[in-house]
1. Which residues, counting only those in the range 179-201, are under 27 Å from Thr215 (Cα atoms) and either of a type in the set (Gly, Ala, Ser) or outside any helix (DSSP H, G or I) (or both)?
2. Is one or more of the residues making up the range 255-272 part of a loop (DSSP other than H, G, I, E, B) and either open to solvent by less than 10 Å² (accessible area, probe 1.4 Å) or within 14 Å of Phe59 (Cβ to Cβ) (or both)?
3. Just checking, which of Ala173, Ala165 is of a type in the set (A, V, I, L, M) and closer than 19 Å to Ile141 by Cβ?
4. Going through the range 139-173 one residue at a time, which ones are free of Cβ contacts under 8 Å to residues at least 40 places away in the same chain and out of contact with any Gly (no Cβ under 8 Å at 6 or more places or on another chain)?
5. Please enumerate the residues belonging to the range 90-121 that are modelled with pLDDT under 90 and open to solvent by 50 Å² or more (accessible area, probe 1.4 Å).
6. Would you confirm, using the coordinates I've provided, whether Arg295 is outside any helix (DSSP H, G or I) and open to solvent by 10 Å² or more (accessible area, probe 1.4 Å)?
7. Within the range 59-84, work out how many residues are open to solvent by less than 70 Å² (accessible area, probe 1.4 Å) and more than 23 Å from Leu271 (Cβ to Cβ).
8. What single numbered condition from (1) open to solvent by 30 Å² or more (accessible area, probe 1.4 Å); (2) in contact (Cβ under 8 Å) with a residue 60 or more places away in the chain; (3) under 16 Å from Gly100 (Cβ atoms) fails to hold for Gly135?
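The values are calculated or read from the model by the stated rules, or taken from the named source; none is laboratory data. From a predicted model like this one, the values you see are computed outputs, not experimental measurements. When we count neighbours, we look across all protein chains shown, and the Cβ atoms used for this are built from the backbone with ideal geometry, even at glycine. Ligands, DNA and RNA are stripped out before the accessible areas are found, and what is left, the full protein with its side chains, is counted by its heavy atoms. Shrake-Rupley method; radii C 1.70, N 1.55, O 1.52, S 1.80 Å.
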Amino acid sequence: GRGICSPPGLPTPRANRQRVEWVSRVMSDREALQRLSGGENCLLGMVTGVMAKSCNYPFLVWKNTQQQGLPISTTWTTAKGSFSPLQVYRGLPMACMNLGGTNAVQFGATGFFQKLLAGSGMGQDGVQVGGAFLGGLASGIPCSIWELCMIQQQRFGGSTLGTPARIVQEYGASSLSRGATMTMGREAMFTMSMLGVTPLIQQKLVESSGWERNTALAAGSLSGALLAGVITHPMDTIKSCMQGDVGRAKYDGIVQTGKAIAAEHGVVQGLFKGLFYRIALISTTFFLVNTFKQRTVPLLFPHALKEADKAR
């Protein structure tokens, strides 16, 4: 029989049944966070975050390096100048802790806010996008601290536990909040695109156009990445520069840092440095996180899909 992604024509009854089942499963995926408890959402976010970051970590290193005006070659050479490809994975444990922990907060908070908005009578599309935005905003607080430590590790080395201890010892406990405002704004848009816009685009493409599921997810991931990446990149650049210079030798507050970057490199060349690597990072993250989410929910929490089937 003809599959759900066949060219327009007269579909067979089997194709119609397949398409209905396919759309139903995608709908279950996009509503999955609302069907899980807070603890289950946090566990799902942690698992998917660590898995995604282990796959695309070099993009993050190259993005941070370029934003700070440092040569990309420093990411694969040692202090003595010798070639070391493993150098690019320096800071990976903190990055996994960062994305795993941030994803846990994002999934948990997004699920909470989506349930809250759904109870207010808002439409499903608004619930999905609005809940993701609020969940991302909340996740920016711990994410900022983790990224600060990760960037300091990428620049100066140090252990996972020793780096935050050094920062507090040298600059005081308040320095751990450096870049928090920019991180919260960035994560709000990031999560809205990852858990709101991306699966929404995927669902619409499968439902209305009969696209294959992974192809639709790839299109949604790229669209969401372009939206989140371009809008938030100046915030991310300012944040990275501030967190790479905790001692404020060159970059002070948000406004001064933005002006300094623009004065030195120009608005476009300065505030949008590293955009290519960030788009690559975000699009692969969106695709990987949503793929892992759709694959792991039935494995970790089969009751969620059973409840969805009963509800239909």
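1. Ala188, Ser193, Gly196
2. No, the range 255-272 contains no residue that is part of a loop (DSSP other than H, G, I, E, B) and either open to solvent by less than 10 Å² (accessible area, probe 1.4 Å) or within 14 Å of Phe59 (Cβ to Cβ) (or both).
3. Being of a type in the set (A, V, I, L, M) and closer than 19 Å to Ile141 by Cβ holds for just one of Ala173, Ala165, which is Ala173.
4. Selection gives Ile145, Phe156, Gly158, Ser159, Leu161, Gly162, Pro164, Ala165, Val168, Gln169, Gly172, Ala173.
5. Result: Arg90, Pro93, Met97, Gly121.
6. no
7. 6
8. All conditions are met except number (1).
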